[in-house]
Amino acid sequence: MFTLRAAVMWTVNDFPAYAIVSGWSTKGYMACPVCKEDVTSGWHAGKVCYLGHRRWLPWDHEWREKDKEFDGNTERRLRPREWSGDEILEQLNRLDFAPFEKTVSRTRPSTHMSWTHKPMLFELPYWSKLKLRHNLDVMHVEKNVFDTLVGTILDIEGKTKDTIKARLDLERMGIRRGLWMNRDSDKARRDLAFFSIKTSLSFSSF
């Protein structure tokens, strides 16, 4: 006779499901359950985008001093603080959440930041002690990255991220002058980017 014991070590999920298992909303300007309110985000090309990834580089990395190659600014900030599971649990225990309903209100008290609920997984006595609690499903990440790259390189309408809004954002930020809208004529136009393949070329000739 022996006693079989099992433990939930972590979750594997896509990004939308990350909000369910973590309790932190993955939409809006503070959509990162790790960075929380210290996330770097902004409105670009008609949607919320997340920048500032150079914060994770070593302090003396040369990319931190480059500005035009990135978002027009040098990066001298440290990486966001990493909250421990015990700190997260303590914060959640101080908040009052409404019971789950079919219709969830979009408005939350400012004290809740982006917390939507206390995850059931914190009922496990060891969950707050785990260093790693959640993992993103690589399959979904790879597919999204692949679709974006191919759609942008081939300049596929509806798939490319090289849109007019994106070009206008580059002008507003004062970077990538070679990708600004062409205003040689009366009407501004978006010329084919240097990284895109002309439609007259096939994969075999490329």
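Rule-based calculations on the coordinates, nothing more; no lab input. Given the structure is predicted, the values throughout are model-derived calculations rather than measurements. Here the Cβ is made from the backbone with ideal geometry for all residues, glycine too, and neighbour counts use every protein chain on show.
Data table
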| quantity | calculated |
| --- | --- |
| Residue match in region 55-73 (condition: of a type in the set (Gly, Ala, Ser) and under 30 Å from residue 171 (Cα atoms)) | yes |
| Some residue of region 23-37 being of a type in the set (Phe, Trp, Tyr), closer than 22 Å to residue 173 by Cα, free of Cβ contacts under 8 Å to residues at least 60 places away in the same chain and not in a strand (DSSP E or B) | yes |
| For residue 128: the one exception among (1) touching a residue at least 12 places away in the same chain (Cβ under 8 Å); (2) small (Gly, Ala, Ser); (3) out of contact with any Ser or Thr (no Cβ under 9 Å at 6 or more places or on another chain) | (3) |
| Qualifying residue in region 134-157 (condition: assigned to a loop (DSSP other than H, G, I, E, B), farther than 23 Å from residue 26 by Cα and touching a residue at least 24 places away in the same chain (Cβ under 8 Å)) | yes |
| Evaluation of residue 194 against (1) surrounded by 10 or more Cβ atoms within 10 Å (Cβ to Cβ); (2) in contact (Cβ under 8 Å) with a residue 12 or more places away in the chain (one fails), failing number | (1) |
